[in-house]
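The values are calculated or read from the model by the stated rules, or taken from the named source; none is laboratory data. Everything numeric here is computed off the predicted structure, so don't read it as measured data. For neighbour counting, all protein chains shown are included, and Cβ atoms are generated from backbone atoms with ideal geometry for every residue, glycine included. Calculation scope for accessible area: heavy atoms of the full protein, side chains included, ligands and nucleic acids excluded. Shrake-Rupley method; radii C 1.70, N 1.55, O 1.52, S 1.80 Å.
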Amino acid sequence: MKKILVTGGAGFIGSHLCETLLEAGNEVVCLDNFFTGSKANLLHLLNNPYFELIRHDVTMPFYIEVDEIYNLACPASPIHYQYNPIKTIKTSVMGSINMLGLAKRIKAKILQASTSEVYGDPEIHPQPESYWGNVNPIGSRSCYDEGKRCAESLFVNYNKQNNVKIKIVRIFNTYGPRMLPNDGRVVSNFIVQALTNKPITIYGDGNQTRSFQYVDDLVDAMIRMMNTSDEITGPINIGNPGEFTMIELAEKILKFTGSKSKLEFYPLPEDDPAQRKPNISLAKKHLNNWEPKVDLDQGLLKTIEYFKNTI
Ligand code: NAD
Ligand code: UDP
């Protein structure tokens, strides 16, 4: 039995990760400040004697003895990470420094939840890990993008300078049950709008693309990444290479929900990437032939079912 710390474990992805790690027979400690996460995401785990939930902010030092750390603490939706941009940068940068310092001291392995946002508005398509990105350092997304880029640098340098065992995954748009209905991301927005017969809010002309990954595929990849040998540090892209425009996504959701909602067009937010799609050859190579198993139709049906029962 390993003892594992998950920061941001009360959030959307973190709660699924805690659940899977517990099911695999590990002891799990979840640390979260409940900014976008909630106890409700973990209620079903609270009676498990091998699970512990601690309210704590990663920008403050924290001490514990564990074997592994998954560092997920950071708001992920543009609405939430732009609410207090300075705090978002502090969470990525000071949170990483605190968790890397802890990993160094207790000799734990540590995995960083990085993001496809490090590629910004990419000029290379699909994006391989070798691409350095096209990020506006002073735009409205920079608190998130540059915070995550700085975190990657911290991880790599703790590895080079202090031999900390690090793993970096660059996560592409992930969706599934336990996304917040009001968190502003496209999949949850469109599903909630469709289920309540409200207009579907398309930003821009809706021809921008994204690759959508179901949360179970991501959790599987993160755990495989943590279990790779020490020389595999990443960064490694984790995503589903299927690529869809926002119009295509809206049409699927309208079809699956049988909704009468109409499409409504709004201005495109600043620095909104025009296209995004992962090259996942490194993940396939290093993660034991991992590849996404849940396609967009299957994943949307599961997510729609979840929102039907919660909203
Ligand atoms: P989320 O907002 O649901 O989860 C983030 C969690 O971190 C929440 O529980 C929140 O309360 C917690 N948190 C935020 N600031 C904190 C702080 N200072 N101290 C302690 N806890 C804090 O988002 P998510 O989609 O589950 O994302 C989890 C991680 O994965 C994030 O690091 C995000 O950047 C990364 N990621 C997610 C996606 C995606 O599509 N969902 C894509 C790329 C990267
Ligand atoms: N988007 C949209 N309508 C919405 C929410 C988002 O058209 O109600 C668009 C958004 O402009 C972006 C894409 O959907 O082009 C994905 O947005 P999201 O916030 O989910 O993720 P990110 O931009 O971080 O990839």
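Relative to the longest principal axis of the C-alpha atoms of the chain, give the angle of the C-alpha long axis of helix 186-195, reported between 0 and 90° and rounded to the nearest 10°.
50 degrees
Got a sec? What order do Cys74, Cys18, Cys150 fall in by accessible area at 1.4 Å, biggest, i.e. largest, first?
Details: Cys74 25, Cys18 0, Cys150 55 Å².
Greatest to least solvent exposure: Cys150, Cys74, Cys18.
How much accessible surface does Lys262 have with a 1.4 Å probe, in Å² rounded to 10?
The value for Lys262 is about 150 Å².
Considering the Cα positions of segment 1-106, please state its Rg to one decimal place and its Dmax as a whole number of Å.
13.2, 39
What is the distance in Å between the Cα centroid of segment 72-136 and that of segment 1-34?
The two parts, judged by their Cα centres, are 19 Å apart.
Divide the volume of the convex hull of the Cα atoms of segment 147-192 by its number of residues and quote the answer in cubic angstrom per residue.
On the way: hull volume 4.5 nm³, N = 46.
Given the Cα convex hull of segment 147-192, per-residue volume reads 97 Å³.
Comparing Lys260, Lys284, Lys148, which has the greatest mean-square fluctuation in the GNM of the chain with Cα pairs linked when under 10 Å apart?
Lys260
Under a point-charge model restricted to the Cβ atoms of Lys and Arg (+1) and Asp and Glu (-1), what is the dipole moment magnitude of the chain relative to its Cα centre, in debye to the nearest 20? Display every interim value, and only then the final one.
On the way: 33 positive and 34 negative charges, 88 e Å.
Computed charge dipole of the chain: roughly 420 debye.
Give the calculated FRET efficiency between Glu231 and Asn182 to the nearest 0.05, with a Förster radius of 41 Å applied to their Cβ-Cβ distance. Mind dumping the intermediate values first?
Values: r = 42 Å, r/R0 = 1.04.
Once the sixth-power term is evaluated, E becomes 0.45.
Using only the heavy atoms of the protein chains and a 1.4 Å probe, how would Tyr266, Tyr131, Tyr70 rank by accessible area, largest first?
Greatest to least solvent exposure: Tyr266, Tyr131, Tyr70.
Could you calculate, for segment 152-311, the ratio of the Cα radius of gyration to the Kirkwood radius, expressed as Rg to Rh?
Result for segment 152-311 is an Rg/Rh of 1.04.
Give the Debye-formula value of log10 I(q)/I(0) at each listed q (0.08, 0.14, 0.15 Å⁻¹), with one equal scatterer per alpha carbon of the chain, two decimals each.
-0.33, -1.07, -1.25
What relative contact order, as a whole-number percentage, does the chain give when Cα pairs under 8 Å and 6 or more residues apart are counted? Write out the running numbers ahead of the final one.
Details: 627 pairs, mean separation 53.9, N = 311.
Relative contact order comes out at 17 percent.
Would you please classify the overall shape of segment 254-307 from the alpha carbon gyration tensor, given that a ≥ b ≥ c denote the square roots of the eigenvalues, rounded means a/c under 1.5, and beyond that prolate means a/b larger than b/c while oblate covers the rest?
Numbers: a/c = 3.90, a/b = 1.40, b/c = 2.78.
Because a/c hits 1.5 or more and a/b fails to exceed b/c, segment 254-307 counts as oblate.
Calculate, for the chain, the solvent-accessible area per residue in square angstrom, rolling a 1.4 angstrom probe over the heavy atoms of the protein chains. Before the final figure, lay out each step's value.
Working: 13650 Å² over 311 residues.
That works out to 44 Å² per residue.
With 26 Å as the limit, write out which pairs from Lys262/Lys308; Lys87/Lys198; Lys39/Lys308 have Cα-Cα distances beyond it, or answer none. If you can, show how the numbers build up before the last one.
Values: Lys262/Lys308 19 Å; Lys87/Lys198 33 Å; Lys39/Lys308 20 Å.
Violating the 26 Å limit, Cα to Cα: Lys87/Lys198.
From the Cα trace of segment 92-195, what convex hull volume per residue do you get, rounded to a whole Å³?
Working: hull volume 14.0 nm³, N = 104.
So the per-residue Cα hull volume is 135 Å³.
Carbon-plus-sulfur fraction of the accessible area of the chain, 1.4 Å probe, in percent?
Values: 7030 of 13650 Å².
Carbon plus sulfur share of accessible area: 52 percent.
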